[in-house]
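Novice: Take this structure first; my questions come after.
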Amino acid sequence: MKTMRAAQLKEPGKALELVEVPIPRPGKGEILLKVKAAGICSSDLHYQDGRSQVTKLPITLGHEVAGEVVECGEEVSGLTPGDRVCIFYLVTCGSCMACCTGNDNYCSEAKMLGKNIDGGFAEYLVIPARNAFAFPESIPFAQAALLTDAVATPFHAFNRAGIKTGDSVLIIGIGGLGIHAVQIAKIMGAGKVIAMDLSQEKLELALKVGATAALNPQKDHVEKRIKELTGNGVDLAIELIGLPVTIRQAIDCTGLGGRTVIVGICPEEISLNPYYDLLLNERTILGSADQSRIDFPTIIELAAQGRLDLSHSVTHQLPLDQVNRGLEMLKSKEENLVRLVVTFP
């Protein structure tokens, strides 16, 4: 039996272990993927440290995956060996009302790569063919891996928010998701895009890719500056960090009729006054989880056309045997880190 290397979580709070496991075989409707790139996300760090729970142990982490099709199972059409594909990371039933209406992330049977089923920190991966989306050679594998979460997640959030032409937008957290949120907001017609982060380097990068203003809460009076920039408050705030203080800031910075979209994972409670925070100014607070399969053709096309610039997105590439170093770099918030990607030969 042929084997492959995989980086597995065996116990929360412990480093991932590099192990040899059998190469899986594709069944009906599935493909075998030779993994070429797998992004390291904050979610992987949360699974490792136990802040978020995986549903099985041991488990191979990694949900931002791109690679090359090497084998197709029975009844697979539209894909052939050699195709370059990136992966929608939720394996769903494909037949329920949610799946049939483009809301795959609502599927009650959804299983997430690297959380519920083995993910992409491995040399090979079996995945349903319906989860694979072809992309052109003009997009490097490392960048294509980021499309599956770091791009698709903010894209989905803006769709949830119903962003409109001319909207003023506040983006809190200019990391792997935020740097793409800046660009997506501009593509979707935002008039003003205000980036907020503690890192001056990330704020400068946000300005470089299209933000119209940048705020550092350690140096700027955020709410005052927001009112100076917008006259009222932003039309839309997107929170990508997952802290009570930043969620509170997002709500407070919206104006009349403003919308706040919470994307960052925050298990803590926050205080909310329905009258002052919602009713009086007709504000809306939304949650946005993951993305849908229907988002993928659009974001791939945006990247292929160059309208979505991913050249600044991958700041570090590491081999599989250094995945724990990558997780430590993410945990320590190493300067100038946007996205780490595990790459394979």
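Novice: Filter the range 16-37 for residues that are more than 24 Å from residue 146 (Cβ to Cβ) and of a type outside the set (D, E, K, R) and give the result.
Specialist: Once the filter is applied, which keeps residues that are more than 24 Å from residue 146 (Cβ to Cβ) and of a type outside the set (D, E, K, R), the range 16-37 yields 19, 21, 22, 23, 24, 26, 27, 29.
Novice: Hey, can you tell me all the residues within the range 189-198 that are buried (at least 17 other Cβ atoms within 10 Å of the Cβ) and either small (Gly, Ala, Ser) or not in a strand (DSSP E or B) (or both)?
Specialist: The answer is 190, 195, 197.
Novice: Which one is nearest to residue 67 (Cα to Cα), of the residues in the range 21-48 that are of a type in the set (D, E, K, R) and touching a helix residue (DSSP H, G or I) at 6+ places or on another chain (Cβ under 8 Å)?
Specialist: 36
Novice: Taking the range 50-62 on its own, how many of its residues are touching a residue at least 60 places away in the same chain (Cβ under 8 Å) and not in a strand (DSSP E or B)?
Specialist: Final tally of qualifying residues: 7.
Novice: Same structure, new question: Only one of 336, 324 is out of contact with any Gly (no Cβ under 6 Å at 6 or more places or on another chain), outside any loop (DSSP other than H, G, I, E, B) and either surrounded by fewer than 13 Cβ atoms within 10 Å (Cβ to Cβ) or in contact (Cβ under 8 Å) with a residue 60 or more places away in the chain (or both). Can you tell me which?
Specialist: Among 336, 324, only 324 is out of contact with any Gly (no Cβ under 6 Å at 6 or more places or on another chain), outside any loop (DSSP other than H, G, I, E, B) and either surrounded by fewer than 13 Cβ atoms within 10 Å (Cβ to Cβ) or in contact (Cβ under 8 Å) with a residue 60 or more places away in the chain (or both).
Novice: Can we say residue 287 is among the small types (Gly, Ala, Ser) and more than 15 Å from the chain's Cα centre (by Cα)?
Specialist: no
Novice: Another one. Specify which of the listed residues (249, 291) is part of a loop (DSSP other than H, G, I, E, B), buried (at least 21 other Cβ atoms within 10 Å of the Cβ) and not charged (D, E, K, R).
Specialist: 291
Novice: Restricting attention to the range 36-75, which residues are out of contact with any Asp or Glu (no Cβ under 7 Å at 6 or more places or on another chain), β-branched (Val, Ile, Thr) and within 16 Å of residue 130 (Cα to Cα)?
Specialist: Within the range 36-75, 65, 70 meet the criteria.
Computed from the coordinates by the stated procedures, all read-outs in this text should not be read as laboratory data. Nothing here was measured: the structure is a model prediction, and the numbers come from that model. Note that we place each Cβ from the backbone using ideal geometry, even for glycine, and neighbour counts take in every protein chain shown.
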